Amino acid sequence: MFSWQTQPLTWMHFLGMLIGAVIVLFLVLFIVMYTIYFERKVIGWMQNRIGPNRVGPFGLLQSAADVFKLLLKEDIIPANADRPMFLIAPIIAFVPSFMVLAVIPYTATHIFTAGLNVGVLYYIALSSISIVGIVLGGWASNNKYSLVGGLRSAAQMISYEIPLGLSILGVIMLAGSLNLNTIVTHQATDRFGWYIIPQIIGFVVFVIAAIAELNRTPFDLPEAESELVAGYFTEYTGFRFAFYMLAEYVYVFAISALGTTLFLGGWEGPFLPSWLWFAIKTSAFIFFLFWVRATMPRIRIDQLMGFAWKVLIPVALFNILLTGALSLIL
Amino acid sequence: MAEDKQADKVASSETVEKAAPEKTAKAAPAKAAKAPAPPDPRVEQAKQQGEAIKVAIEQKLGAGTVEEVIASKEVPILRIASAKWREAITFLRDDPEQRFDYIELFAGTDYKDYIEVVLYLHAMSRGTYISVKTRTPREQAVLPSLAPVFPGVNWEEREVFDLLGVTFEGHPDLRRIMMWDGWNGHPLRKDYSEFENMPQRGGEPRG
Amino acid sequence: MSTSLRTEEMILNVGPQHPSTHGVFRLVVTLDGEQIIDADPVVGYLHRGTEKLAEGLQYTQIIPYTDRLDYLAAMLNNYALVHTVEYALDLEIPARAEYLRVIVMELNRIASHLLFLGTYLLDLGAMSPFLYVFQERERIVQLFNEICGARLTYNYMRVGGVKWDAPPGWIEKVRDFIPFMREKVKMYDKLISGNEIFLHRVRGIGVITKEDALQYSLSGINLRSTGIAFDLRKNRPYSLYNQFEFDVVTGKNGDCFDRYYLHLEEIRQSLRIVEQAVAQIPEGPVLGKVPKLIRVPAGEYYRSIEGARGELGVYIVSDGKDKPYRLKLRRPSFVNLQILRKLLIGQSMANLIAILGAVDIVLGEVDA
């Protein structure tokens, strides 16, 4: 049942997939809940605060309480909003965030992972759909701050998609595959070890572009609180707001998982079980994102775009050239 | 410049045990005005300074521009004819002898018979300061605006317009600033009554 | 970008409820794309008519009202008022009272500047400094709490001195605070002043020229950032400031970075003053001989002090009664804010918050 990737599709396998998908869904929801908790705690400690500590032991149920509160809230739709668009936008932003998780190899035995041969492309393609949801939400709210936030977000995410894709190319060239499972197994046997070593430039570009893709500090312009109030979701309340927040944190997890898979050897590692290795590496990645958030001020929009086009893309292209040249020579 | 003044002041305050800080402080801007405790010499000194400025202004803008020279403590106060208000202030700023290029205070007062607008001018290059004022009748309170010359009094004039009802001619943007547009009356006028001038609601006067 | 493309102007209402306007301040911005072509600041939402109220109050009764002007530096507001009354009365202040005043004023200036650092960085998207500065500010606030029983609206000074003497051990606590704060300032300097993103956002942004600064009657750090060394503590010394050694720090470029950095530098200078004051403070009474009912002799008096945000002045017209005939407050935030329109026009929308934040206003003072 667990080796369905290499077997022909039967009803049993389909059932296995279904159960696997549901398990992953709930697992991810659980992880996201505690990612939020983790973020609030970590940033709290970095800022000499305590962080959530009221709901449950050590505030462990804080995120659950927050979600519960959001679900109970009235779902307000502004009178002048574009109603159908306004309703559908959070879903468009939210659904792809879960779909990308299908290709992430969590463990050595691929119970929950689709062995897609174009896994990397699948991730990048699907995660771009979320931009539509964000722009749509900003547009449909009929609010100037939302509109500016949505448009900034579109500009930013499209710009940073390119260096993100280019930075991954180096990894693909080394592994010779777009399949994330294969990339992990390649890293285990590669003579340089994990791809973070031969692909250090690519890794740096990847991390920067990933933070920008996630709209997180220092690239959190679309939702810059001090400028745009809350950006594209200013007008959203209740569970629609929760959808946006959830999508954002699922992506935090997803991109950390992707980064782990591509550059940090995925589930690969000695002594500990593979899922634990994956969890440790992903947590470290997530922790880094939070760390940056607590440290950096926000970059300005024109500098942001300039940075993508003038710095990151040339560096990523150079990295591809370098990778190609080195793999020819060595 | 400020430092050496500073130095001798510190020296002098060491000799006087409980250095009355008030007095040394006052002497700071004009060294000449450093005078002992009785207030009269300070006022006299200030008046002399004021008279000198009056002569300079009247040379340029004609006799009668400065209506009165008084003094408050060490500060000379010149009352200027309202018709020459802007010219006089511009002269005080641009004249190489005067160079009062910085407005510290802009205030208006309702004196029941007339409304007075007061300026405290500071000369950055010399460190001296004077006060100039002008009067306008309460009814039909109109003064030439200084905002074209000193953009920094833009809001101050709006405030005086709002709270005292002085219209400044030539002001680029004379609107109420503290009260909203539908407000009735000018609160800082002495005959203003909160009860007669109930705020209007929804743009319509009450009663 | 392209001049041939006609774009529609958009009017954006920033405030009165906006996270970065630091209170109820409204800015009507006309945008052409991302460029600001007009900005109209609208104030008055917090207008309480302090000047009108003061006309019906005795001088001592006005003191708590001044607390509510610049609520981040209430000690300085207290002092501005009592100083003008004392000047009008030619009062002698007991030495200990003057020292206590200087200490609390400079501590309050530090607290106020710290909060500027925090909120300014928060405006620029960095959350942590905001929470860091509150720790040091908390220590100052605790010191104030011990000396006058209030954390924000102190009502500490009186005409002729101060209300309370320092409790036992208070001076030592202040003394201990100085090296602690010095370390912290060093830390902030290290953490913030070198941050590349921060520098990119504030260098060369919102430049004020010397001429503009004088024309717009700017004062305080806004004026000094342009390179004009005008600090009333030096140029027109009041209280005991002529006995202390400190520097008037000026900027070079008049941009937002200079304004940020001067706040940091002024904290250092204030610490120097506090250090000297704490070392020299004599024993003695803290309230001079003042008549029960303070009647200011008829006349008009204006005195100004170097407030946390600029020249803080009080203009009193007295008709010899126990209440002022007219009391005008020269509020530095109000005057400084006028230049905002000039600074914003032509800038991109993204710089709006950086420029507004650096002008450093407190709405309680703007609206009085």
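The values are calculated or read from the model by the stated rules, or taken from the named source; none is laboratory data. Everything numeric in this text was worked out from a predicted model, so none of it was measured. Positions of Cβ are backbone-derived with ideal geometry, glycine not excepted, and every protein chain shown enters the neighbour counts. Accessible surface is based on the protein model in full, side chains and every heavy atom, while ligands, DNA and RNA are left aside. Shrake-Rupley method; radii C 1.70, N 1.55, O 1.52, S 1.80 Å.
Chains A and C: what accessible area do they bury, summed, in square angstrom to the nearest 100, with a 1.4 Å probe?
Working: alone 15670 and 15700 Å², together 28990 Å².
Answer for the A-C pair: about 2400 Å² buried.
Just the number, please: buried accessible area between B and C, total of both chains, 1.4 angstrom probe, nearest 100 square angstrom. Intermediate results must be reported in sequence, preceding the final value.
Values: alone 11820 and 15700 Å², together 22540 Å².
Interface area, both chains combined: 5000 Å², rounded to the nearest 100.
Which distance in Å, rounded to a whole number, links the C-alpha centroids of segment A:97-149 and segment B:38-59?
The two parts, judged by their Cα centres, are 79 Å apart.
Could you check the spin-label model distance between B:Y114 and A:T182? Points 7 Å from the Cα along Cα→Cβ, value in nm.
Between B:Y114 and A:T182, the simple spin-label model gives 9.6 nm.
Provide, for q = 0.09, 0.12, 0.14 Å⁻¹, the log10 of I(q)/I(0) from a solvent-free Debye sum over equal Cα point scatterers in chain C.
-0.50, -0.88, -1.18
Multiplying the sequence separation of A:I200 and A:M173 by 0.36 nm and subtracting their Cα-Cα distance, what value in nm do you get? Spell out each step's value before the answer.
Numbers: separation 27, 0.36 × 27 = 9.72 nm, distance 1.42 nm.
Result: 8.3 nm gained on full extension.
For chain A, what is the calculated [θ] at 222 nm in deg cm²/dmol (nearest 500), taking -39500 (n - 2.57) for each run of four or more DSSP H residues and dividing by its residue count? Could the numbers behind the result be given before it?
Values: 12 runs with 217 residues, N = 330.
It comes out at -22500 deg cm²/dmol, rounded to the nearest 500.
Pop out the carbon and sulfur fraction of the accessible area of the protein assembly as shown as a percent, whole number, probe 1.4 Å. List each step's numbers first, then the result.
Numbers: 22170 of 35830 Å².
Answer for the protein assembly as shown is 62 percent, counting heavy atoms of protein chains only.
Using alpha carbons only, how many angstrom separate the centre of segment A:1-79 from the centre of segment A:177-202?
After rounding, the separation between the Cα centres reads 29 Å.
Just to confirm the number: angle between the C-alpha axis of helix A:144-175 and the first principal axis of chain A, 0 to 90 degrees, nearest 10?
That helix lies at roughly 10 degrees to the long axis.
Please report the spacing between the Cα centers of segment A:256-309 and segment C:152-223 in Å, no decimals.
Here the answer is 38 Å between Cα centres.
In degrees, nearest 10, range 0 to 90: what is the angle between the Cα axis of helix A:200-213 and the longest Cα principal axis of chain A?
20
What is the angle, in °, between the Cα long axis of helix C:128-148 and the longest principal axis of the Cα atoms in chain C? Nearest 10 is fine, range 0 to 90.
20
Assign one of three labels to segment A:24-105, namely rounded, prolate or oblate, based on the Cα gyration tensor with a ≥ b ≥ c the square roots of its eigenvalues; rounded applies when a/c is under 1.5, prolate when it is not and a/b is larger than b/c, and oblate otherwise. It would help to have the intermediate numbers written out before the result.
Details: a/c = 2.32, a/b = 1.40, b/c = 1.66.
Oblate.
Compute the signed sum of charges (Lys and Arg +1, Asp and Glu -1) over the other residues within less than 10 Å, Cβ to Cβ, of C:R96.
Numbers: positive: C:R101; negative: C:E98, C:D165, C:E283.
Summing Lys/Arg as +1 and Asp/Glu as -1 gives -2.
Could you pull the Rg and Dmax for segment A:190-330, using just the Cα atoms, both in Å?
In Å, with Rg to one decimal and Dmax whole: 17.5, 57.
Partner chain Cβ atoms within 10 Å, averaged over the residues of B:151-159 - can you pull that number for me? Intermediate values should be presented prior to the final figure.
On the way: counts 8, 12, 5, 6, 8, 6, 0, 2, 7.
So the per-residue partner count for this stretch is 6.
What average number of partner chain Cβ atoms lie no more than 10 Å from the Cβ of the residues making up C:43-53?
Values: counts 5, 7, 2, 1, 8, 1, 6, 0, 6, 6, 0.
Across the residues of C:43-53, the mean count of other-chain Cβ atoms within 10 Å is 4.
Kindly flag which residue pairs out of C:K190/C:K210; C:K163/C:K210; B:K47/C:K163 have an alpha-carbon separation exceeding 32 Å in this structure. List each step's numbers first, then the result.
Working: C:K190/C:K210 29 Å; C:K163/C:K210 41 Å; B:K47/C:K163 37 Å.
Going by Cα-Cα distance, C:K163/C:K210; B:K47/C:K163 fall outside the 32 Å limit.
At what distance in nm do the modelled label points of A:F239 and C:R151 sit from each other, each positioned 7 Å from its Cα along Cα→Cβ?
4.0
State the extension gain, in nm to one decimal, for the chain segment bounded by A:L121 and A:L27, taking 0.36 nm per residue of separation less the distance between their alpha-carbons. Don't jump to the answer; show the numbers that get you there.
On the way: separation 94, 0.36 × 94 = 33.84 nm, distance 2.40 nm.
31.4 nm is the gain from fully extending A:L121 to A:L27.
So what is the calculated 222 nm ellipticity per residue for chain C, using -39500 (n - 2.57) for each DSSP H run with n of 4 or more, over all residues, to the nearest 500 deg cm²/dmol?
On the way: 15 runs with 174 residues, N = 368.
Theoretical 222 nm ellipticity from helices: -14500 deg cm²/dmol.
What are the residues whose amide H is under 5 Å from the amide H of C:R326, where those residues sit 5 or more places off or on another chain and H is modelled from the backbone?
Under 5 Å from the amide H of C:R326 lie the amide H atoms of C:V317, each far enough along the sequence or on another chain.
Provide, as a two-decimal number, the C-alpha radius of gyration of the protein assembly as shown over 2.2 N^0.38 Å, N being how many residues it has.
1.12
With respect to the cross-link table entries B:K73/C:K328; B:K133/C:K52; C:K184/C:K234, which display a Cα-Cα separation exceeding 24 Å? Could you put the intermediate results ahead of the total?
Values: B:K73/C:K328 18 Å; B:K133/C:K52 21 Å; C:K184/C:K234 26 Å.
Over 24 Å apart, Cα to Cα: C:K184/C:K234.
Over the protein assembly as shown, with the other protein chains present, what is the accessible area per residue in square angstrom, probe 1.4 angstrom? Each step should come with its number before you reach the end.
Details: 35830 Å² over 905 residues.
Accessible area per residue: 40 Å².
Please give the average number of partner chain Cβ atoms lying within 10 Å of the Cβ of each residue in C:298-307, rounded to a whole number. Mind dumping the intermediate values first?
Working: counts 0, 5, 11, 3, 10, 5, 5, 0, 0, 0.
Rounded to a whole number, the mean comes out at 4.
Quick one: what do you get for segment A:98-156 if you divide its Cα Rg by 2.2 N^0.38 Å? Write down the numbers at each step before the final one.
On the way: Rg = 15.9 Å, N = 59, 2.2 N^0.38 = 10.4 Å.
The reported ratio for this selection is 1.53.
Over the alpha-carbon set of segment B:102-189, work out the extent along each principal axis and list the three values in angstrom, largest first.
Extents along the principal axes: 44, 27, 19 Å.
Can you tell me which aspartates and glutamates have their Cα less than 15 Å from the Cα of A:K281? Leave out same-chain residues fewer than eight positions away.
A:E268
Add +1 for every Lys or Arg and -1 for every Asp or Glu among the other residues with Cβ under 12 Å from the Cβ of C:V286, and state the total.
+1
Around B:V149, what is the net charge, scoring Lys/Arg as +1 and Asp/Glu as -1 over all other residues with Cβ under 10 Å from its Cβ?
Details: positive: B:R86, B:R93; negative: B:E87, B:D94.
Taking every other residue near B:V149 into account, the sum is 0.
Suppose R0 equals 45 Å; then what is the FRET efficiency for B:K47 and C:Q135 from their Cβ-Cβ distance, rounded to the nearest 0.05? Working shown, then result.
Numbers: r = 54 Å, r/R0 = 1.20.
FRET efficiency, B:K47 to C:Q135: 0.25.
Between B:T90 and A:V132, what is the label-to-label distance in nm when each label sits 7 Å out along the Cα-to-Cβ direction?
With each label placed 7 Å out from Cα toward Cβ, I get 6.4 nm.
Under 14 Å from a point 7 Å along the Cα-to-Cβ line of C:V207: which residues of segment C:114-148 have their amide N that close?
none
So what are the radius of gyration and Dmax for the Cα set of segment C:209-353, in Å?
Both quantities, over Cα of segment C:209-353: 18.7, 58 Å.
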